[in-house]
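Trainee: Below are the structure tokens for one structure; questions will follow.
What follows draws every value from the coordinates through simple rules; no lab data is involved. Keep in mind that what you see is a predicted model, and the values were worked out from it rather than measured. Cβ placement follows ideal geometry from the backbone for every residue including glycine, while neighbour counts extend to all protein chains displayed.
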């Protein structure tokens with residue numbers, strides 16, 4: 001079959017709050033061919049990605065993504081890889097390309113899987129899927145008491161691991177300590193605790209080093225994103241001095257950049273977003289490289305369950321990479337995008353859907369309920 | 001003063017050819033404040049960058065660039081650094097941001113320099129500027145004879161160094177050899193010859209190794225972009241096995257990514273585009289790090305003389321970094337953007353303009369002659 005049609009849906013909450021919550025808007029890709037429909041979700045800034053998809057050509061390596069996808073053959077995995085290669089050749093000099101294309105790649109694999117009547121993870125080479133330990137991804141509370149309450153709530157919801165992120169973490173040592181003590185208290189001794197610093201220390205290794213003791217006392221499984229995503233040397237220094245296990249990689253926009261994060265940043269957990277890194281196949285290549293280097297692969301997901309399922313496909317069959325990020329503070333938009341959801345079981349595990357494609361059923365009502373109308377004209381001609 | 005107004009001008013040749021020539025369109029930024037006007041040029045895909053500039057907010061780290069720039073104080077270099085910091089905090093989760101902001105940063109520094117009545121290089125801390133050896137940047141001919149002719153033409157134009165790039169280089173060993181012999185013959189023994197492979201070998205080190213002998217026989221000063229820009233390990237392997245001096249970095253979109261290219265890719269020449277890496281100040285930080293590591297800093301420029309001057313400011317005062325890329329195959333659009341041009345002298349050197357700002361006078365007629373009209377509506381409201 002051929003890719004006959006591609007549509008992009010820009011969705012948004014009525015109000016976007018000034019918080020680090022990527023579930024407030026979404027760009028959904030719908031890809032059609034051979035009577036089937038595939039769905040995927042792209043990363044942030046829907047308008048920028050729409051422009052990237054349909055922009056006039058600048059030169060031979062800065063073409064609209066649409067040109068490499070629409071009308072392409074799609075009968076097997078080799079065809080998907082050919083599309084990926086063409087996008088890289090034709091559009092990589094536009095910096096937005098990995099963000100825009102990642103969601104389209106997910107939709108393309110979903111479409112191919114529907115034709116083949118199998119889950120995506122089978123199409124890409126996993127014999128089966130293995131359940132993952134879900135870690136609840138939440139923000140620190142405004143006070144240590146709130147953090148403690150969030151921790152106990154997650155425990156009550158059967159989670160075996162909880163990650164706390166951002167808010168003001170990293171800016172006041174005593175406050176950081178109080179929140180870490182509260183989080184550990186709420187989780188009691190047996191649950192895993194992860195901490196996401198959201199790049200708060202930039203390039204400043206010494207600020208990070210000040211927190212090593214309190215992080216170790218709280219027995220954290222990892223410290224995530226202490227520095228800017230490209231600051232490999234700083235990651236590596238912190239790891240060597242402190243022996244604290246580090247996690248990072250959510251901004252990796254290519255297989256190569258993720259490999260660099262592993263090789264030079266010495267992370268022990270590489271966190272890949274299928275909507276950013278290039279798609280599900282990029283994730284699979286990264287997972288292989290990670291595990292060969294004794295690094296665990298983990299999905300990065302802070303948006304819909306469509307994206308959650310997509311991000312899990314890359315390492316569905318892995319036994320070495322055991323953890324999965326499970327977003328727990330979604331805005332209604334992100335929850336409403338799918339009719340079905342991935343639910344944690346009583347032991348704190350999630351199962352990757354074994355249905356056809358990524359297994360998530362799109363709620364088309366939500367596409368209209370949250371829809372943002374976009375019109376783009378170039379020289380008076382409507383191109384979107 | 002404050003930044004009171006920002007305008008973006010999308011310019012294009014009437015027809016965009018399917019060649020790797022970034023001078024076929026342009027996005028020009030005009031920034032106004034205190035009665036002065038500053039000008040800069042952003043990297044490829046004008047429509048994508050325009051969307052990035054004015055897009056609705058997605059979350060606290062994915063805001064339109066406009067929000068961090070318009071209305072900002074601009075009285076000294078610290079104010080510029082504050083704007084850069086804010087853009088990084090507010091917009092870095094949109095992948096396009098470095099491309100879009102780089103040209104705006106150039107315009108901001110031009111504006112500040114006009115207020116201070118000094119060249120940009122003085123504002124950023126260079127006491128003076130030193131002439132650079134211009135290398136002519138051209139494409140290989142379609143035949144070895146054409147390559148030979150181009151080489152002798154550049155010699156007649158007083159160049160002391162010439163770089164040949166892409167076309168079909170790297171795909172046929174015998175053909176590559178013929179072109180290299182022709183290039184060296186045309187340049188005679190005394191001129192420097194550089195070769196730009198345009199990432200033709202992707203991740204394939206052995207394809208590159210096959211060319212080491214013929215490159216050494218042609219006595220190349222460097223081999224540029226043998227691999228994908230993030231393939232640091234491959235760069236490093238090639239350099240270690242062959243001891244061939246490598247050059248790269250045109251895709252570096254941050255200070256950190258350029259440092260990584262130097263540290264892990266072992267390049268001997270780091271090529272930075274002021275319209276991609278984050279602007280002139282990012283370039284200055286990269287130049288400092290490069291020279292501390294015995295690496296020469298070189299501008300990357302394949303577009304207008306506005307961008308050429310901007311890219312030279314970062315290392316204007318350096319005595320260690322002696323070379324400058326000088327584009328020789330510009331489309332009329334790129335040439336017409338400025339009224340004045342940087343001209344090589346009889347010894348093959350170029351002087352960085354010592355006039356106020358970046359020293360280039362914008363040809364406002366060209367802004368209208370080549371203008372592309374763009375209209376963007378979001379929920380029926382015109383936002384551009």
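Trainee: Could you work out the relative contact order of segment A:135-190? I mean the mean sequence separation of Cα pairs under 8 Å and 6+ apart, divided by the number of residues, in percent. Kindly include the intermediate steps, with their values, before the conclusion.
Mentor: Numbers: 69 pairs, mean separation 27.3, N = 56.
Computed over segment A:135-190, the figure is 49 percent.
Trainee: Determine, from the Cβ-Cβ distance of residue B:19 and residue B:153 and an R0 of 25 Å, the FRET efficiency 1/(1 + (r/R0)^6), rounded to the nearest 0.05. Provide the component values of the computation, followed by the final result.
Mentor: On the way: r = 19 Å, r/R0 = 0.77.
Efficiency computed from Cβ-Cβ geometry: 0.80.
Trainee: Right, next: To the nearest 10 degrees, how steeply does helix A:255-265 sit against the main Cα axis of chain A, on a 0 to 90 scale?
Mentor: That helix lies at roughly 20 degrees to the long axis.
Trainee: Another question, if that's okay. For chain A, modelled as a Gaussian network with Cα springs under 10 Å, which listed residue fluctuates most, A:65, A:276, A:362?
Mentor: The residue that fluctuates most here is A:362.
Trainee: With runs of 4+ DSSP H residues as the only contributors, calculate the mean residue ellipticity of chain B at 222 nm using -39,500 (n - 2.57) per run, divided by the residue total and rounded to the nearest 500.
Mentor: It comes out at -11000 deg cm²/dmol, rounded to the nearest 500.
Trainee: As a footprinting exposure proxy, order A:232, A:269 by other Cβ within 10 Å, with the fewest listed first. Present the calculation step by step, with values, prior to reporting the outcome.
Mentor: On the way: A:232 26, A:269 22.
Sorted ascending by nearby Cβ count, the order is A:269, A:232.
Trainee: Also, I was wondering about something else. What is the average number of partner chain Cβ atoms found within 10 Å of a Cβ in A:258-268?
Mentor: Details: counts 1, 5, 8, 0, 0, 3, 5, 1, 0, 0, 0.
Across A:258-268, the average partner-chain Cβ count within 10 Å equals 2.
Trainee: Using a 10 Å cut-off around each Cβ, can you sort B:382, A:150, A:216 from fewest to most neighbouring Cβ atoms?
Mentor: Numbers: B:382 9, A:150 23, A:216 14.
So the ranking, lowest neighbour count to highest, is B:382, A:216, A:150.
Trainee: Relative to a virtual label point 7 Å from the Cα of residue A:185 in the Cα→beta-carbon direction, which members of segment A:114-141 show backbone nitrogen distances below 18 Å?
Mentor: From segment A:114-141, the list is A:140-141.
Trainee: Over chain B, what is the relative contact order in whole percent, taking alpha-carbon pairs under 8 Å and six or more residues apart? Walk me through the intermediate numbers first.
Mentor: Working: 862 pairs, mean separation 73.0, N = 384.
For chain B, the relative contact order is 19 percent.
Trainee: What are the nm distances, shortest first, from residue B:73 to its equivalents in the other copies, labels at 7 Å along Cα→Cβ?
Mentor: 6.3
Trainee: On to the next question. Where a ≥ b ≥ c are the square roots of the eigenvalues of the C-alpha gyration tensor, would you call segment A:244-384 rounded, which needs a/c under 1.5, or, failing that, prolate if a/b is larger than b/c, or oblate?
Mentor: On the way: a/c = 2.34, a/b = 1.38, b/c = 1.70.
Here segment A:244-384 falls in the oblate category.
Trainee: Something else: By count of other Cβ within 10 Å, fewest leading, how are A:301, A:147, A:48 ordered? Provide the component values of the computation, followed by the final result.
Mentor: Details: A:301 30, A:147 25, A:48 34.
Going from sparsest to densest Cβ surroundings: A:147, A:301, A:48.
Trainee: Quote to one decimal, in nm, the extra length available between residue A:81 and residue A:364 on full extension: 0.36 nm per residue of separation minus the C-alpha distance between them.
Mentor: Values: separation 283, 0.36 × 283 = 101.88 nm, distance 2.89 nm.
Taking 0.36 nm per residue and subtracting the Cα distance, the gain is 99.0 nm.
Trainee: So if we plug the beta-carbon distance of residue A:241 and residue B:206 into 1/(1 + (r/R0)^6) with R0 = 41 Å, what FRET efficiency do we get, rounded to 0.05? Working shown, then result.
Mentor: Numbers: r = 38 Å, r/R0 = 0.92.
After rounding to 0.05, the efficiency reads 0.60.
Trainee: Just to be sure I understand the model, the point goes 7 Å from the Cα along the line to the Cβ. What's the resulting residue A:375 to residue A:339 distance in nm?
Mentor: About 3.3 nm separates the two model spin labels.
Trainee: A further question on this structure: GNM, chain A, Cα, under 10 Å: largest mean-square fluctuation among A:20, A:277, A:287?
Mentor: Highest fluctuation among the options: A:20.
Trainee: Please report the relative contact order for segment B:295-384, taking Cα pairs under 8 Å with a sequence separation of at least 6, and give it as a percent rounded to a whole number. The partial results should precede the final answer.
Mentor: Values: 101 pairs, mean separation 24.5, N = 90.
The normalised contact order for segment B:295-384 reaches 27 percent.
Trainee: Could you tell me what a quarter of the Cα convex hull surface of chain A works out to, in nm² with one decimal place? Display every interim value, and only then the final one.
Mentor: Working: hull surface 73.4 nm².
Its Cα hull, projected and averaged over all orientations, spans 18.4 nm².
Trainee: Please compute the average number of Cβ atoms from other chains found within 10 Å of each residue's Cβ in peptide A:375-382. Mind showing how you got there, number by number?
Mentor: On the way: counts 7, 9, 5, 9, 7, 2, 1, 1.
Mean shielding count: 5.
Trainee: Given a Förster distance of 60 Å, report the FRET efficiency between residue B:118 and residue A:355 from their Cβ-Cβ distance, rounded to the nearest 0.05. Before the final figure, lay out each step's value.
Mentor: Working: r = 66 Å, r/R0 = 1.09.
My answer for the efficiency is 0.35.
Trainee: If you take the square roots of the eigenvalues of the alpha-carbon gyration tensor of segment A:1-132 and sort them as a ≥ b ≥ c, do you get rounded (a/c under 1.5), prolate (a/b over b/c) or oblate?
Mentor: On the way: a/c = 1.80, a/b = 1.17, b/c = 1.54.
Taking the square roots of the gyration eigenvalues as a ≥ b ≥ c, segment A:1-132 is oblate.
Trainee: Follow-up question, since we're still on this one. Inter-copy label distances at residue B:368, 7 Å along the Cα→beta-carbon direction, one decimal in nm, shortest first?
Mentor: For residue B:368, the other copies' label points sit at 4.7 nm, shortest first.
Trainee: Further, regarding this structure: Return one quarter of the surface area of the convex hull spanned by the alpha-carbon atoms of segment B:145-187, equal to its mean projected area, in nm². Can you show the working numbers first?
Mentor: Working: hull surface 11.0 nm².
The Cα convex hull of segment B:145-187, projected and averaged over all directions, gives 2.7 nm².
Trainee: What are the nm distances, shortest first, from residue B:204 to its equivalents in the other copies, labels at 7 Å along Cα→Cβ?
Mentor: Once sorted, the set of distances for residue B:204 reads 4.8 nm.
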